[in-house]
């Protein structure tokens, strides 16, 4: 493919874009449009092989299974980031020297990992603020000192549980992706429980100076609101989720904020939420000043597959019939890319609604039809068929094939079952939270993808499985406590590693992607602690309710199970991870390559990858992301040719930032590891030319 031909129609725009090169990386994803694009050109295809480590900052916060997903901000020569224990740090972006740090957990011991993908910066004529969320608190910090801004909320923080219309003691809420700024508003999403009870996924805008709540958009519509008729009439009182955990994008000129949402709780069985369930699994364009809906698109009706929109959409400018069209491109876990006119929501490529299979699980009513985009083609495989069974060894092939014959596997939208259903791409995607990068010079969208099959299975709740542990914990950690490490760790022997008080603290306050369960009755928490620490399982009989609770479901989830061969390798043939370049003007795949390696296999197989790419005007695409090999790579953005790679201290499961200080261009990435059982680290590593 001739890149010069691709770029020719964009040349005037590209030159104008580079004339005012952006030296900072001021927003999560590089800019409010979430393009992960840098106009800097000092590092090029010709000299990238000369890149060297410019500085390294060790947070000294790494511990077993900790991670770093942060995409650092760089503003005015200062780098703002977070550590594995969720300290906020400000570094000299040229040297890596520490300026200040803020510890939201200064008075308590951090036991488990705290995932965080970045912070938010806001300023006016007088103030400069950094916003970060730790557990249920939104903090506002003075960007110059790291001290909480006393005028914000109460002593510098706002409790995110407030204003949701639920009992504060009954819900758990936090945020792992940063909010986005529009003028003097900080617009926030949230991460909430994926089982019930769960907080609603309200989108909220706070006054950036004072923390006062300025507007709220209900993603589970209240009576009289658009979409209320797609739920049971009282669902807004008890259903949770439909939340924006992945972050947002902003068209500042139009005053539009683009909000991708996830599934409603409970994720895999929806007898208590009959209907299409707007605005779950939707891309919503809101008036950023008021929170009013402008348009929306729902990608999954009545989701039963945990098909959250996993990343902020990318705001792009495309060319159609000789004219420029401002568009929004949304990647998905399913491997689709949806492309819409930014102002109207009109699809720029056809979307076909097809009949999909019905559920045979008691009480479940699936949607009749689901949307399928006809262009671009999926960037990940869509169905686990016999021809995709691993051929790594004959024994592995036979074992996987036998297991496949016991399961349902027929592509997208095959409902969960008591038998077991294959989901490909798996629960993590396809596309993931690292998001996509966009090159305005060529119209290419770059997205890395996992190519892993998972198995979802429902299990009936019975009186024989009535212990508090099974009720509340088995969905992630399995009834046998083995979990599915590293995402959902084994709890076997946890009493030998932690005291009862520490286990109770994790249960009440949460840990990593695990939300807090502080709303549980004390008797249930005590029973779970005793079971985990001493193996004493006890069924707790709670006071009888006056009426059946709508959150008590007949079925539970059997756990997040990857489909692996007997030696622990993916059940499908390689590639197990890919890097894709998609021409959004044509709706075609420009190129696709395997991304990542299993070093012990001695061949390029691709691997699971978490974190995203950054693309530059210098002709390069930088990405870490791979979980097995600790490599940070630079590719030719036009062809996918590997031009440079280096080993990081730990896996770079984050998105890099590109910036310039004192005329020198840097690329920095968090090296936190901790994925797929890989060793954890706690360093930021910056690269530059000698």
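Data overview
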{"read-out": "Count of the stretch 72-107 residues which are more than 21 Å from residue 659 (Cα to Cα) and either free of Cβ contacts under 8 Å to residues at least 60 places away in the same chain or in contact with a helix residue (DSSP H, G or I) (Cβ under 6 Å, 6 or more places away or on another chain) (or both)", "value": "10"}
{"read-out": "Hits in the stretch 245-259 (condition: closer than 14 Å to residue 33 by Cβ and either modelled with pLDDT under 95 or part of a strand (DSSP E or B) (or both))", "value": "249, 250, 251, 256, 257, 258"}
{"read-out": "Residue within the stretch 235-244 that is in a loop (DSSP other than H, G, I, E, B) and without any contact (Cβ under 8 Å) to a residue 40 or more places away in the chain present", "value": "no"}
{"read-out": "Index of the failed condition, residue 75 passing every other in (1) surrounded by fewer than 24 Cβ atoms within 10 Å (Cβ to Cβ); (2) modelled with pLDDT under 95", "value": "(2)"}
{"read-out": "Residue check for residue 151: under 29 Å from residue 24 (Cα atoms), modelled with pLDDT of 95 or more and more than 22 Å from the chain's Cα centre (by Cα)", "value": "yes"}
{"read-out": "Enumeration of residues in the stretch 602-620 that are touching a strand residue (DSSP E or B) at 6+ places or on another chain (Cβ under 9 Å) and farther than 14 Å from residue 654 by Cα", "value": "604, 605, 606, 607, 615, 616, 617, 618, 619, 620"}
{"read-out": "Selected residue (only one of 262, 291 is surrounded by fewer than 24 Cβ atoms within 10 Å (Cβ to Cβ) and assigned to a loop (DSSP other than H, G, I, E, B))", "value": "291"}
{"read-out": "Residue count for the stretch 623-635, restricted to those that are more than 13 Å from residue 676 (Cβ to Cβ) and touching a helix residue (DSSP H, G or I) at 6+ places or on another chain (Cβ under 9 Å)", "value": "1"}
{"read-out": "Residue ID - surrounded by the fewest Cβ atoms within 10 Å (Cβ to Cβ), chosen from residues in the stretch 111-132 that are in contact with a strand residue (DSSP E or B) (Cβ under 6 Å, 6 or more places away or on another chain) and within 30 Å of residue 64 (Cβ to Cβ)", "value": "112"}
{"read-out": "Failed item in (1) surrounded by fewer than 24 Cβ atoms within 10 Å (Cβ to Cβ); (2) touching a strand residue (DSSP E or B) at 6+ places or on another chain (Cβ under 6 Å); (3) assigned by TED's automatic domain parsing to the domain that holds residue 199, with residue 142 passing the rest", "value": "(2)"}
{"read-out": "Checking residue 395 against (1) surrounded by fewer than 18 Cβ atoms within 10 Å (Cβ to Cβ); (2) over 22 Å from residue 263 (Cβ atoms); (3) touching a strand residue (DSSP E or B) at 6+ places or on another chain (Cβ under 7 Å); (4) in contact (Cβ under 8 Å) with a residue 12 or more places away in the chain, the condition it does not meet", "value": "(3)"}
{"read-out": "Pairs with Cβ under 6 Å, 6+ apart, first in the stretch 550-562 and over 13 Å from residue 460 (Cβ atoms), second in a strand (DSSP E or B) and modelled with pLDDT of 90 or more", "value": "561/455; 562/454"}
{"read-out": "Within the stretch 495-517, tally of residues that are part of a loop (DSSP other than H, G, I, E, B), closer than 14 Å to residue 109 by Cα and at pLDDT below 75", "value": "1"}
{"read-out": "Filter pass, residue 631 being farther than 30 Å from residue 404 by Cβ and without any contact (Cβ under 8 Å) to a residue 40 or more places away in the chain", "value": "yes"}
{"read-out": "Selected residue (criterion: nearest to residue 329 (Cα to Cα)) from residues of the stretch 365-383 that are more than 24 Å from the chain's Cα centre (by Cα) and surrounded by 16 or more Cβ atoms within 10 Å (Cβ to Cβ)", "value": "367"}
{"read-out": "Selection status of residue 230, under 24 Å from the mean Cα position of the chain (by Cα), in contact (Cβ under 8 Å) with a residue 24 or more places away in the chain and surrounded by 20 or more Cβ atoms within 10 Å (Cβ to Cβ)", "value": "no"}
{"read-out": "Tally of residues being touching a strand residue (DSSP E or B) at 6+ places or on another chain (Cβ under 8 Å), touching a residue at least 24 places away in the same chain (Cβ under 8 Å) and surrounded by fewer than 24 Cβ atoms within 10 Å (Cβ to Cβ) across the stretch 217-227", "value": "2"}
{"read-out": "Residue count for the stretch 209-234, restricted to those that are outside any loop (DSSP other than H, G, I, E, B) and over 20 Å from residue 159 (Cα atoms)", "value": "3"}
{"read-out": "Tabulated pairs, the stretch 378-389, first modelled with pLDDT of 95 or more, second surrounded by fewer than 19 Cβ atoms within 10 Å (Cβ to Cβ), C-beta under 6 angstrom, 6+ apart or interchain", "value": "382/411; 383/411; 388/573; 389/397; 389/401"}
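Conditions tested, residue by residue: (1) within 30 Å of residue 328 (Cβ to Cβ); (2) not in a loop (DSSP other than H, G, I, E, B).
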{"position": "567", "(1), (2)": "no, no"}
{"position": "582", "(1), (2)": "yes, yes"}
{"position": "591", "(1), (2)": "yes, yes"}
{"position": "600", "(1), (2)": "no, yes"}
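The values are calculated or read from the model by the stated rules, or taken from the named source; none is laboratory data. On a predicted model such as this, the values are computed, not experimentally measured, just so you know. All Cβ positions, even for glycine, are placed from backbone atoms using ideal geometry, and neighbour counts span all protein chains on display.
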